[in-house]
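The values are calculated or read from the model by the stated rules, or taken from the named source; none is laboratory data. Only a predicted model underlies this, so the values are computations on that prediction, with no experimental measurement involved. Virtual Cβ from ideal backbone geometry, glycine too; neighbours counted across all protein chains shown. Please note that ligands, DNA and RNA were not included when accessible areas were found on the heavy atoms of the full protein model with its side chains. Shrake-Rupley method; radii C 1.70, N 1.55, O 1.52, S 1.80 Å.
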Amino acid sequence: MKIARIETFLAPPRWMFVRVETDEGVVGWGEPVVEGRAEPVRAAVEVLAEYLVGQDPLRIEDHWQVMTKGGFYRGGPVLSSAVAGLDQALWDIKGKTYGQPVHQLLGGPVRERIRAYAWVGGDEPSEVRDAVSAQVEAGFTAVKMNASGRMTPLATREEVRACLLRAETAREVLGDERDFALDFHGRVSPANARRLLPLLAAYAPLFVEEPVLSEHMHAVPDLVNASNIPIALGERLFTRREFLAPLQAGVAVVQPDISHAGGISELRRIAALAEMYGAHIAPHCPLGPVALAASLQVAFTTPNFLIQEQSIGIHYNKDAELLDYVADREPFRFVGGSLLRTERPGLGVDIDEAAVRAADTKGHAWRNPVWRHEDGSFAEW
């Protein structure tokens, strides 16, 4: 069996799919994208396709090594995301070839269900009480929300109180038996993070995500020691080597994205590295159905998995939703806030190819917002 053709499709709201077809008719799907930079990733996939077409699709590890190391210049989000989507598609092909779900090929399942959380609120969170209540009524046992909108480098008392009020409101609605996580989204300076973390401890968040930008990794040890709230980060890290420093600093939860961090092959290695440090994995996944399906395959076979992000109803989803591109929605049916394990082969997702091809005729050019402070200077989004 050889790889015969590789195609990419831009699909609203901000996703990209890759279809890898073999000469024996087996087709695998992947999701290679950098949100806001889909076009460069598409070009990178086309370059990597020059190597893959004509190759045996089952030699996944060898292809991963060549795609990540075969160029003199390595790494970066664009290349890593292109590799990630292709890696997902190759695992999909392998599972379909052997008639097994990918989690069986990775050593077999260690759990029967995957707990997931729902997003509440957008970039400028408001009406938290109603949003959290709606997710509780939908059966979710955990939610995540942005801790703030744009925040000044040294927060005013009003900004601090607004953050604390969101946390207090979420806890009131959820009670003590459910969880919420707060995403600082890199909007919070190290000084603000040191101020906020001790104050938020009373509300017992499941974790605080990305309390500082990844380029401020030197600040992480101080933040780990600033309060008893577990620290989570990693959506902007792309290799297991980049995760070593935060794990050594005491980060409790790592959040690699299966569409950015080298795909299934690298995500499971990041999880194994985290396990050595007593840390858990909560895969980042505000993307489409293939990325979610691939994340679930790793989660089912990973002992130190914690909770899964998913994008149904997320504020980015305009013009399309997660399930618009799947032919069978059953694998994505939530039961008590969890997704159940299935034995469907490959990634376990049945893509509606006609819908994907139709979406590509429209495409998208999604870009993240550019924020500014009141004085006109750049603000982190």
Whether any residue in segment 356-376 is touching a helix residue (DSSP H, G or I) at 6+ places or on another chain (Cβ under 6 Å) and surrounded by fewer than 17 Cβ atoms within 10 Å (Cβ to Cβ) is what I want to check. no
Residue 293 open to solvent by less than 10 Å² (accessible area, probe 1.4 Å), touching a Gly at 6+ places or on another chain (Cβ under 8 Å) and assigned to a helix (DSSP H, G or I): yes
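Given the structure, is residue 131 open to solvent by less than 50 Å² (accessible area, probe 1.4 Å), modelled with pLDDT of 95 or more and of a type in the set (A, V, I, L, M)?
No: the conditions fail for residue 131.
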Report, ordered by the first and then the second residue, all pairs with beta carbons closer than 7 Å, sequence separation of six or more or different chains, a first member in segment 254-280 that is in contact (Cβ under 8 Å) with a residue 40 or more places away in the chain, and a second member that is open to solvent by 10 Å² or more (accessible area, probe 1.4 Å) and of a type in the set (Gly, Ala, Ser). 260/80; 261/80; 262/80
Tally up the residues in segment 128-150 that are under 29 Å from residue 378 (Cα atoms) and in contact with a Phe, Trp or Tyr (Cβ under 9 Å, 6 or more places away or on another chain), please. 7
Of the residues in segment 302-355 that are closer than 18 Å to residue 111 by Cα and of a type in the set (Ser, Thr, Tyr), the one that is most open to solvent (accessible area, probe 1.4 Å) is 342
Inspect segment 231-239 for any residue being within 18 Å of the chain's Cα centre (by Cα), aromatic (Phe, Trp, Tyr) and modelled with pLDDT of 95 or more and give the result as yes or no. yes
Would you please name the residue that is surrounded by the fewest Cβ atoms within 10 Å (Cβ to Cβ), looking only at residues in segment 193-218 that are of a type in the set (A, V, I, L, M) and within 16 Å of residue 117 (Cβ to Cβ)? 204
Mind listing whichever residues of segment 272-290 are open to solvent by less than 10 Å² (accessible area, probe 1.4 Å) and under 14 Å from the mean Cα position of the chain (by Cα)? 281, 282, 283, 285, 286, 287, 288, 289, 290
Among the residues in segment 326-344, are any closer than 25 Å to residue 20 by Cβ, polar (S, T, N, Q) and over 17 Å from the mean Cα position of the chain (by Cα)? yes
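One line per residue, one yes/no per condition, for (1) free of Cβ contacts under 8 Å to residues at least 60 places away in the same chain; (2) of a type in the set (A, V, I, L, M, F, W, C):
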position	(1), (2)
49	yes, yes
52	yes, yes
64	no, yes
99	no, no
142	no, yes
149	yes, no
In segment 219-271, how many residues are open to solvent by 10 Å² or more (accessible area, probe 1.4 Å), on the phi > 0 side of the Ramachandran plot and in a helix (DSSP H, G or I)? 0
Among the residues of segment 291-307, count how many are under 20 Å from residue 91 (Cα atoms) and within 13 Å of the chain's Cα centre (by Cα). 8
Only one of 124, 137 is farther than 19 Å from residue 284 by Cβ and within 21 Å of the chain's Cα centre (by Cα). Can you tell me which? 124
